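One structure is given below, encoded as structure tokens.
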Amino acid sequence: MAETVLQVKSVTKHFPGVVALNQVDFNNYAGEIHALVGENGAGKSTLIKVIAGAYQPDGGEIIFGGQKTVWDSPHQSREAGISVIYQEFNLFPDLTVAENIFMGNEPLKAFRLIDYPKMIKESDELLSKFGICIEPLKKVKDLSVAEQQMVEIAKGMCNQTKLFILDEPTAGISDQEAETLFERLAVLKAEGVSVIYISHRLGEIFQIADRVTVLKDGNLVDTFDTKAIDKNTLVSKMVGRDLEDIYPPKGGEAGGEALSIKSLSVGHLVKDVSFSLRQGEILGLAGLVGSRRTELAHGLFGSLPITAGSYKLGGREVSATNPQASIRSGLGFLTEDRKNEGLVLGQSIEANITMPILAQFANNSLVDFKREKNFCQQEMDKYAIVAKSGEVLVNNLSGGNQQKVLFSRWVQACGGVLILDEPTRGVDVGAKVEIYKIIRDLAESGLAILLISSELQEVVGMCDRVVVMKEGRLAGELENDQISEESIMHLATLSRENFVCD
Ligand SMILES: Nc1ncnc2c1ncn2[C@@H]1O[C@H](COP(=O)(O)OP(=O)(O)OP(=O)(O)O)[C@@H](O)[C@H]1O
Ligand SMILES: [Mg+2]
């Protein structure tokens, strides 16, 4: 029998109005990958924060390495050998990639001075293990969300660790990068490191985990050997019911041209991209991390400058752009970076949902709060946003529930073309089905949808047509029966061995 590294005994954690964990038992062996799954708001992140000392439990105990432990801070648990990749990034945006990776753990030379050349060299080595070209001297704020995720992972890997906890490390990174992560985890596992792995991508749970524990509404449902359970049973344990088909049927009639892009360039990031999108159509935009899909979307939305080429929205040439003008001309953009570009974390769910459409609730320039409240309640029901009321601050929502708030907002605010950048990032499988239905209904009502997603299954399941980007350029286009995970990967990785950092 493998050594038990961690034992969580009857742990309880309350927040105002919420029992986030209710007498939860959980344990982890050396050399195992133990997955933790459950719906948005089930208590997964809270459990790992308690294990790592970021939250104090209200009851129960944590036994780590055979000793009952009470961490006063995450720093103590890190010293003891627990390394955590949190769901929300913990990077310092104004510091470089190398400084972030080695934060608190910098290589030193004589007189306790930081050995910068060594730090940069080691960062480079660590990142290239993931097949990722990120310049160690780049500031974190200049990286894409997916690149930041890779830096988080690299940072987590650089400590000497007994228990490695990853909270949705693959949300927003492509399958190719995820595979590299799994290879690294297999190495750690063979070295006897114990791993707790949270993910909403159930395929990867079956690929890498030895055991899986299901939480629901703060309660432990059960722990299973992954080999002894199938995907459908696991889903029904998580959501409490069977799910019908995950993806709604395709095949709506496409209408007139909603968006047409000609030889568009965004600085040196995006080069010479052309494609079109019709009303009623869901067009997938696929590619690896760093393929510049998000930058293209920012160009269209007006938040990055277009340096060559042109595009038409609803048949009209778009000239000088900025986000306000884009919104007025009917373009909606659900960004992948919900923390920095989307949500106002210090405000309520209600305020966040109605922000761009507040005028709709005004009578003689006074906001009709009751109508606003009712509307928000309907939206919260529609997307199954788990919170005591619409007045809860977005800051206190679980990751997936924050994503749903953002989704609701942009669907309301959008006119003709909706760009969705990783719309189901961190969203649980039950809620995904609802969101997919909503996306398809929006298309059927005539909206044109550009779906950026790193989850190949999602692209294949949802899109009528797919364009694939590679290194800032268009690598190809697929439609109908041509769309498959293999064909997308093939285009996305073509001649990747020639990849050069810019
Ligand atoms: N700091 C906090 N203050 C108030 N409530 C909180 C806080 N952190 C979490 N909660 C609540 O506790 C519950 C569990 O949240 P948690 O973040 O653990 O969910 P999760 O399982 O990680 O979900 P997700 O899959 O969406 O990340 C939720 O109802 C959440 O709103
Ligand atoms: Mg979470």
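At-a-glance table
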read-out: Selection within the stretch 77-86 - touching a helix residue (DSSP H, G or I) at 6+ places or on another chain (Cβ under 8 Å) and either part of a helix (DSSP H, G or I) or free of Cβ contacts under 8 Å to residues at least 60 places away in the same chain (or both); value: S77
read-out: S263 being assigned to a strand (DSSP E or B), on the phi > 0 side of the Ramachandran plot and out of contact with any helix residue (DSSP H, G or I) (no Cβ under 6 Å at 6 or more places or on another chain); value: yes
read-out: Output for the stretch 143-190, where each listed residue is free of Cβ contacts under 8 Å to residues at least 40 places away in the same chain and more than 22 Å from the chain's Cα centre (by Cα); value: A186, V187, L188
read-out: Some residue of the stretch 363-370 being outside the structural domain of S144 (by TED's automatic domain parsing), out of contact with any strand residue (DSSP E or B) (no Cβ under 7 Å at 6 or more places or on another chain) and crowded, with 19+ Cβ neighbours inside 10 Å; value: no
read-out: Number of positions in the stretch 183-239 that are away from ligand 1 (no atom under 16 Å from the Cβ) and aliphatic (A, V, I, L, M); value: 11
read-out: Single residue of the stretch 425-460 satisfying the filter (outside any helix (DSSP H, G or I) and surrounded by fewer than 19 Cβ atoms within 10 Å (Cβ to Cβ)) that is nearest to ligand 1 (Cβ to nearest atom); value: S445
read-out: Checking F92 against (1) more than 30 Å from F206 (Cα to Cα); (2) under 24 Å from the mean Cα position of the chain (by Cα); (3) within 16 Å of ligand 1 (Cβ to nearest atom), the condition it does not meet; value: (3)
read-out: Those residues of the stretch 127-142 which are within 22 Å of the chain's Cα centre (by Cα) and crowded, with 19+ Cβ neighbours inside 10 Å, in sequence order; value: L127, F130, I132, I134, V140
read-out: Condition met for L21 (among the hydrophobic types (A, V, I, L, M, F, W, C), within 16 Å of ligand 2 (Cβ to nearest atom), surrounded by 21 or more Cβ atoms within 10 Å (Cβ to Cβ) and over 21 Å from the mean Cα position of the chain (by Cα)); value: yes
read-out: Which listed residue, of L269, L259, L163, is surrounded by 17 or more Cβ atoms within 10 Å (Cβ to Cβ), assigned by TED's automatic domain parsing to the domain that holds S10 and away from ligand 2 (no atom under 16 Å from the Cβ); value: L163
read-out: Qualifying residues in the stretch 372-396 (those that are in a helix (DSSP H, G or I) and either within 13 Å of ligand 1 (Cβ to nearest atom) or in contact (Cβ under 8 Å) with a residue 40 or more places away in the chain (or both)) - the one farthest from L345 (Cα to Cα); value: K382
read-out: Check on V386, surrounded by 23 or more Cβ atoms within 10 Å (Cβ to Cβ), under 22 Å from the mean Cα position of the chain (by Cα) and either within 15 Å of ligand 2 (Cβ to nearest atom) or closer than 20 Å to T170 by Cα (or both); value: no
read-out: 2 or more residues of a type in the set (G, A, S): qualifying strands (runs of 3 or more DSSP E) within the stretch 32-76; value: 59-64
read-out: Pairs where the first residue, in the stretch 271-289, is touching a residue at least 40 places away in the same chain (Cβ under 8 Å) and the second is of a type in the set (D, E) and assigned to a loop (DSSP other than H, G, I, E, B), C-beta under 8 Å, 6+ apart; value: G280/E253; E281/D464; I282/D464; L283/D464
read-out: Hits in the stretch 397-419 - residues which are in a helix (DSSP H, G or I) and closer than 15 Å to D337 by Cα; value: G399, G400, N401, Q402, Q403, K404, V405, L406, F407, R409, W410
read-out: Residues (outside any loop (DSSP other than H, G, I, E, B) and either farther than 16 Å from I449 by Cβ or among the small types (G, A, S) (or both)) located in the stretch 319-339; value: P323, Q324, A325, S326, I327, R328, G332, R338, K339
read-out: The stretch 284-318: number of residues that are aromatic (F, W, Y) and not in a helix (DSSP H, G or I); value: 1
read-out: Residue count for the stretch 334-358, restricted to those that are surrounded by fewer than 22 Cβ atoms within 10 Å (Cβ to Cβ), of a type outside the set (G, A, S) and over 16 Å from R371 (Cα atoms); value: 7
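This table checks each residue for (1) more than 16 Å from ligand 2 (Cβ to nearest atom); (2) touching a strand residue (DSSP E or B) at 6+ places or on another chain (Cβ under 6 Å).
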| position | (1), (2) |
| --- | --- |
| V193 | yes, yes |
| S199 | no, no |
| L202 | no, no |
| D210 | yes, yes |
| D217 | no, no |
| D230 | yes, no |
| T233 | yes, no |
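The values are calculated or read from the model by the stated rules, or taken from the named source; none is laboratory data. The structure displayed is predicted, hence computed values, not measured ones. So basically every Cβ, Gly included, is an ideal-geometry build from the backbone, and we count neighbours across all protein chains shown.
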